[in-house]
Amino acid sequence: MEKFNLNHVYESQQFDSDLLDRVFNVADEMKKDLSAEPRRYSQALKDKIMASLFYEPSTRTRFSFESAMARLGGSILTTENAKEFSSAAKGETLYDSTRVMCGYADLIVMRHNEPGSAKSAAEASTVPVINAGDGSGQHPTQALLDLYTIRDCFPTIDGLSIAMVGDLKYGRTVRSLSYLLTKYNNITIYFVSPPVCKMDDDLKNYLTTNGVTWEEENSLEKVLPLVDCVYMTRIQKERFHDLEDYKRASGKYILEMEKVKLMKEKSIIMHPLPRVDEIPREVDNDPRAQYFEQAENGIYIRMALLLLLLGNDIKG
Ligand code: CP
């Protein structure tokens, strides 16, 4: 197999266009394989063990990684809640936990509350570490499945306009996706958020330096007819230090059916999920709603990453 250039996945900036194509091509192969009879990759990782170490709650990321590993024939070590049921509760450092887990597993998937924790764990680790979300830092595998979903819905990613809506301050998925979008041409991003949840300057400066046009806009209604993709996000109550700020931010941007009607016919609605109130269920049956397909794409992307990082035979 041609060598995969990454030992770990901790942030989106690690990916260039060639690596993105490689991951997406393998994900396509995984999607085909899951409906093939017989399956070629059902035992591809049969001697490998993945540890899923989640210090924060998760439905999609944890279960899709575990499902991906199971569908490749590998084994899983997991805990319900690493903050409470691992020795972190006794004061063990992430460094020590990581050093120890390297002896038990061939790959570690980790979600943690501290930005930068996945990179630190990767530096301490002798096996691949995948960042499954590090606080308000990054969520690179979510960004990969987001981009894979966009790639599936449009002939090309070049030239697309995307509205990112909601909690842009604490939302790690919008940060990670923004970094990946710099790998494409003529991208425009509209940031739509309550004033207390604005996108940080570091990311906006990165976009400018890397050729992405961006604008901040208060009015969702104004942006909806202009964009190809609306990426809604939840206001992340758990990350606010001041509950009054949370109250100021929540409920401001809701994509009801009346607003969906303002969107282009061929545009799409995305959301990393979980949602709270920002997309009512009435929108789910609109053909533009892609958030459940987006979540399903997590399986193909995570199967691809596991195969590529664990170095098994794959065309890619
Ligand atoms: N999108 C996402 O990360 O969902 P979970 O928090 O359920 O993993």
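Observations
- Cβ pairs under 6 Å, 6+ apart, first in the range 63-78 and on the phi > 0 side of the Ramachandran plot, second surrounded by 23 or more Cβ atoms within 10 Å (Cβ to Cβ): G73/L45
- Any chance V109 is among the hydrophobic types (A, V, I, L, M, F, W, C), under 20 Å from the mean Cα position of the chain (by Cα) and either crowded, with 24+ Cβ neighbours inside 10 Å or more than 26 Å from C197 (Cβ to Cβ) (or both): yes
- Residues of the range 123-141 that are in a helix (DSSP H, G or I) and within 19 Å of F63 (Cβ to Cβ): P140, T141.
- Qualifying positions in the range 48-86 - over 17 Å from M303 (Cα atoms), of a type in the set (D, E) and within 16 Å of the ligand (Cβ to nearest atom): E56, E80
- Residue among E278, E293 that is over 30 Å from S42 (Cα atoms), within 14 Å of the ligand (Cβ to nearest atom) and under 19 Å from the mean Cα position of the chain (by Cα): E278
- Taking the criterion of being under 21 Å from S58 (Cα atoms) and not basic (K, R), the residues of the range 251-278 that qualify are M270, H271, P272, L273, P274, V276, D277, E278.
- Hits in the range 106-122 - residues which are touching a helix residue (DSSP H, G or I) at 6+ places or on another chain (Cβ under 9 Å) and either under 22 Å from K183 (Cα atoms) or assigned to a helix (DSSP H, G or I) (or both): S117, A118, S120, A121, A122
- Qualifying residue in the range 158-170 (condition: acidic (D, E), assigned to a loop (DSSP other than H, G, I, E, B), away from the ligand (no atom under 16 Å from the Cβ) and at pLDDT below 95): no
- Condition met for I301 (of a type outside the set (D, E, K, R), assigned by TED's automatic domain parsing to the domain that holds D33 and either away from the ligand (no atom under 16 Å from the Cβ) or under 29 Å from S67 (Cα atoms) (or both)): yes
- Scanning the range 224-277 for residues that are without any contact (Cβ under 8 Å) to a residue 60 or more places away in the chain, among the aliphatic types (A, V, I, L, M) and either under 25 Å from W214 (Cα atoms) or touching a Cys at 6+ places or on another chain (Cβ under 6 Å) (or both) returns I254, V260, L262, M263, I269.
- Pairs linking a residue in the range 18-35 that is farther than 18 Å from I157 by Cα to a residue that is part of a helix (DSSP H, G or I), with Cβ atoms under 7 Å and 6 or more positions apart or on different chains, are V26/A304; V26/L307; V26/L308; M30/Y300; M30/M303; M30/A304; K31/Y300; L34/R71.
- Filter pass, G116 being under 25 Å from V260 (Cβ atoms), more than 16 Å from the ligand (Cβ to nearest atom) and without any contact (Cβ under 8 Å) to a residue 40 or more places away in the chain: no
The values are calculated or read from the model by the stated rules, or taken from the named source; none is laboratory data. Computed from a predicted model, the values in this text were never measured in an experiment. Positions of Cβ are backbone-derived with ideal geometry, glycine not excepted, and every protein chain shown enters the neighbour counts.
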